[in-house]
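**Q** Handing you this structure, nothing more for now.
Each value in this text was obtained by applying a stated rule to the coordinates, not by laboratory testing. Please read these numbers as outputs of a predicted model, since none were measured by experiment. Positions of Cβ are backbone-derived with ideal geometry, glycine not excepted, and every protein chain shown enters the neighbour counts.
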Amino acid sequence: MVHRYALLGLGALLLGGCSVYTPMLGAAPEIKAKGELEATAAWSLTNRFDVGVTYSPVRHLLVRAAASTKGADRPAAPNDSSSYAQTNQYALAVGTYWPLGTHWLVGGLAGFGQAHSQARYLDDGTVRLFSFFDPTRHEFDARYRSYSGEAYATYQPNPVLSLGLSYRVVQVRLTDVTDLGVPVRAAPILRSEPMFFVRVRPGRSELWQLQAAVGSSSTFGYNQRTAADRADPARQFKLGRGYLSVGAAFYPQLLWRKPQ
């Protein structure tokens, strides 16, 4: 029984459990030339669905629009069937890309986004291993803005496989947030969001590819284990979160490209 709850706790830490803040999937578009367009869709094990479109109107320039929706989570604990968390958000970004030889691609994006999150859960929204502590209840209705900068690098050793890393810094600004009807205010929160991804092109197709990614989001300088005030609602925007996702990318310009 102890091992079972330990595994549940580890899974909740990795997948995030209920959460009022939800990181969006890193972009890292695989665009290498003017006129290319990448459309993506991905689903994560935190019940989040991301879509994005990135386009290069001129050489080395990227414009991007993305949206994310996160449906209600499963209960954070077996005896807490009323808990839920759902988030809808979007982001707009501009950036650049630079192919380095035939195998490497590097780039970066700067973006702005807005989110609306509603959540109700106990404590930090993860599985409670011990039931004798008096729980802290949260019920959020939160609107917040985000400002981000992302750098990424992709390595393609062969026509089938790509490996890559992206790293994003996000500043979260709470604009209209209540917890149990009480306004929540906090200084801008700076978060660190790395992501590792693998992309595969079935049958060496250039038209589409599959992607698997693992990422995390944590607050700079914040130790969630030793934070003194566990009842502070602003703490819920500072906790670390992780995700696993699977998805696909589509390159529609290849449908009308003339044979060479």
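**Q** Tell me, rounded to the nearest percent, the portion of alpha carbon pairs in the stretch 123-206 spaced more than 19 Å apart.
**A** 65
**Q** While we're here: Report the gain in length on full extension from R185 to T69: 0.36 nm times residue separation, minus Cα-Cα distance, nm rounded to one decimal.
**A** Roughly 39.3 nm would be gained on extension.
**Q** Residues with beta-carbon under 15 Å from that of P157, excluding P157: net charge, scoring Lys, Arg +1 and Asp, Glu -1?
**A** +2
**Q** Same structure, new question: Please rank W256, W98, W43, fewest neighbouring Cβ atoms within 10 Å first, as an exposure proxy. Don't skip to the answer; put the middle values down first.
**A** Numbers: W256 6, W98 11, W43 15.
Arranged by neighbour count, lowest to highest, W256, W98, W43 become W256, W98, W43.
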